[in-house]
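The values are calculated or read from the model by the stated rules, or taken from the named source; none is laboratory data. Predicted model, so just to flag it, every value in this text is computed and none were measured. Backbone-built Cβ (ideal geometry, glycine too); neighbour counts: all protein chains shown. SASA here: full protein model, heavy atoms, side chains in, ligands and nucleic acids out. Shrake-Rupley method; radii C 1.70, N 1.55, O 1.52, S 1.80 Å.
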Amino acid sequence: MKVTFKIPPIFQPFTPSSDAESTRAEALARMADWTTQTAQSELDELADTYSQTAALLDSAGVFYAATCLTEFHGELSSGTLTMASTPLSYNDARTATAGIAEILDATPSRERYITVLPMPCGQVTLAIDQSAALRIPAQFSRTGEDIPINVAQLQAFIPVPAEKIPGAQELITVTFSTPSTHHWEEYCAILAELLRSLDFGPAMTSA
């Protein structure tokens, strides 16, 4: 199956792959501008971490990952985006979408908003969370206490519909997270366009 979508250039792709040699080379190429001010041992360590993370994402079914570091209204902002494909057994994509929403709704949270929306790619279950999901450990904080970090997250769950890929049994999960919660409105506009552009087609085969 081929997944296509449009993403703005503020996102820098991160290649999920178990090929350690190619991902280390990708990491070192990205850090080329740092070579004059960073020890080679540090560059190698960062490249190894990048390679290990790429392999972890690949094993989790992630086929696209990206980070962004940009500015909105003169303020720095950051976020991460992943897209994953996992097997899911279902007879009808609409029924599967409703079931996903029901499962998510069974875990009540004041900070979570769940809805099902029609999109060009099919029915989409959206789950939006905003909570203090991350913490800076006390040993790394100036106050000597754990510091909660507000994180906003949007997840879109899309069972691939049969009208797109006959016999499809795949769940596409789009996940975006950001600590820049004050820029959530700007990110939502970007994510809405991304989801509207998402489409599925048969995998390309070589002649």
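When each of L76, L56 is tested for being within 17 Å of the chain's Cα centre (by Cα) and either at pLDDT 75 or above or of a type in the set (G, A, S) (or both), the lone residue that passes is L56. None of G99, G61 is of a type outside the set (D, E, K, R) and without any contact (Cβ under 8 Å) to a residue 12 or more places away in the chain except G99.
Residue under question is S206, and the condition is that it be modelled with pLDDT under 95 and in a strand (DSSP E or B); does it hold? Answer is no for this residue.
Anything in segment 171-187 that is modelled with pLDDT under 95 and either surrounded by fewer than 18 Cβ atoms within 10 Å (Cβ to Cβ) or polar (S, T, N, Q) (or both)? List them, or say none.
As a first pass, look at segment 171-187 and keep what is modelled with pLDDT under 95: 175-187.
Residues satisfying the conditions are T175, S177, T178, P179, S180, T181, H182, W184, E185, E186.
Considering segment 16-48, and only residues there that are open to solvent by less than 60 Å² (accessible area, probe 1.4 Å) and among the β-branched types (V, I, T), the residue that is modelled with the highest pLDDT turns out to be T23.
For beta carbons closer than 9 Å, sequence separation of 6+ or different chains, a first residue in segment 142-159 that is among the acidic types (D, E) and a second that is at pLDDT below 90 and surrounded by 11 or more Cβ atoms within 10 Å (Cβ to Cβ), the qualifying pairs are E145/A138; D146/R135; D146/I136; D146/A138. For beta carbons closer than 9 Å, sequence separation of 6+ or different chains, a first residue in segment 67-85 that is without any contact (Cβ under 8 Å) to a residue 40 or more places away in the chain and closer than 29 Å to A203 by Cα and a second that is among the hydrophobic types (A, V, I, L, M, F, W, C) and part of a loop (DSSP other than H, G, I, E, B), there are no qualifying pairs.
Here's the yes/no breakdown for (1) within 19 Å of E163 (Cα to Cα); (2) surrounded by 15 or more Cβ atoms within 10 Å (Cβ to Cβ):
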| site | (1), (2) |
| --- | --- |
| T70 | no, yes |
| S89 | yes, no |
| D105 | no, no |
| R112 | no, yes |
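Look at (1) exposed (fewer than 14 other Cβ atoms within 10 Å of the Cβ); (2) among the small types (G, A, S); (3) modelled with pLDDT of 90 or more and you find that A156 fails only one, number (1).
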